[in-house]
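The values are calculated or read from the model by the stated rules, or taken from the named source; none is laboratory data. Quick caveat: nothing in here was measured; it's all calculated off a predicted structure. Note that each Cβ is placed from the backbone with ideal geometry, even for glycine, and that neighbours are counted across all protein chains shown.
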Amino acid sequence: MSSTSQTAFRLASRLDGVGFSDIVKIRNKIMELRAGGASVFQFEGGEPFNNTPAHIKEAMTRALEENKTRYAPSSGIPELRAAIADKVRERN
């Protein structure tokens with residue numbers, strides 16, 4: 001390798017302490033578990049693995065028609081939080 005190509009790829013020493021992001025660590029752990037034969041659901045990529053149910057599509061359409069296209073508050077939507085709490089309390 002020539003000295004020119006070596007300097008072109010030298011990284012700043014301050015990057016030595018920079019590690020992988022948490023999402024990369026999670027993905028690597030999933031790959032490790034799967035390689036060991038474990039069945040693991042993978043949610044970090046945000047890719048659904050099932051078809052979207054009709055009632056969800058209808059709710060999405062209503063939300064679009066009502067211009068509800070912004071992020072929800074970080075604390076969540078109170079009605080949704082209450083519905084989830086009820087469901088967990090009653091059926092889980």
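Tally time: how many residues in segment 34-92 are farther than 25 Å from residue 23 by Cβ and of a type in the set (S, T, N, Q)?
Summing the residues that are farther than 25 Å from residue 23 by Cβ and of a type in the set (S, T, N, Q) in segment 34-92 gives 5.
Of the conditions (1) part of a loop (DSSP other than H, G, I, E, B); (2) surrounded by fewer than 10 Cβ atoms within 10 Å (Cβ to Cβ); (3) modelled with pLDDT under 85, residue 6 satisfies every one except a single condition; which number is it?
Here residue 6 meets the rest and fails (1).
Count, please, the residues in segment 75-92 that happen to be loosely packed, with under 10 Cβ neighbours inside 10 Å and over 23 Å from the mean Cα position of the chain (by Cα). Don't jump to the end; show me each part of the working.
Narrowing segment 75-92 to residues loosely packed, with under 10 Cβ neighbours inside 10 Å: 75, 78-79, 88-92.
Adding the requirement that they be over 23 Å from the mean Cα position of the chain (by Cα) leaves 79, 89-92.
Within segment 75-92, residues that are loosely packed, with under 10 Cβ neighbours inside 10 Å and over 23 Å from the mean Cα position of the chain (by Cα) number 5.
Can residue 27 be described as surrounded by fewer than 10 Cβ atoms within 10 Å (Cβ to Cβ), at pLDDT below 95 and charged (D, E, K, R)? Before you say what the answer is, go through the steps one by one.
Numbers: surrounded by fewer than 10 Cβ atoms within 10 Å (Cβ to Cβ): no; at pLDDT below 95: yes; charged (D, E, K, R): yes.
No.
Where the second residue is modelled with pLDDT of 80 or more and not hydrophobic (A, V, I, L, M, F, W, C) and the first is more than 29 Å from residue 27 (Cα to Cα) and part of a loop (DSSP other than H, G, I, E, B) and lies in segment 43-70, which pairs have Cβ atoms under 9 Å and are six or more apart or on separate chains?
Note: pairs meeting the criteria are 68/62.
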